[in-house]
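All of the numbers you see were taken from the coordinates with simple rules; none came from a lab. No experiment lies behind these values; they were computed from the predicted model shown. A quick note on method: Cβ atoms are made from the backbone with ideal geometry, for glycine too, and the neighbour counts reach across all protein chains shown.
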Amino acid sequence: MGVGRMKIELNCASCGDNNFNLDHGVADHATIHCNRCGHRIGTMAELKERVAAEVLSRIHKNDFS
Ligand SMILES: [Zn+2]
């Protein structure tokens, strides 16, 4: 039994694009903006938390145990 692949989508709340500007770096305090519309996505730390929460909720739903 394999867990397989998990595709996590993080989209801009404003335009729905997932092309983010990482010009400010990838440190936790770095601010991420949307490449398309310039909307502030959040800090890298916030992004990591969103990805972690998404992964945990999917694992929970699929109950791999
Ligand atoms: Zn956008």
Self-check item: Cut-off under 5 Å, modelled amide H: who pairs with residue 20 long-range
Solution: 35
Quiz prompt | Whole-Hz couplings from phi, Karplus 6.51/-1.76/1.60, listed for the stretch 13-27; x for Gly and Pro | solution = 5, 8, 10, x, 6, 10, 9, 9, 8, 10, 4, 8, x, 10, 5
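Where in the chain are there trypsin sites (Lys or Arg not before Pro) that are in a DSSP coil and have at most 11 other Cβ atoms within 10 angstrom of their Cβ?
On the way: sites: 5, 7, 36, 40, 48, 50, 58, 61; in loops: 5, 7, 36.
Filter output for the chain: 5, 7.
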Quiz item: Which whole-percent values make up P(r) of the chain when all C-alpha to C-alpha distances are grouped in 10 Å steps starting at zero?
Solution: 21, 43, 25, 11, 0
Exercise. Compute the long axis of helix 44-62 from its Cα atoms, compare it with the longest principal axis of the Cα atoms of the chain, and write down the angle in degrees, 0 to 90, nearest 10.
Key: 20
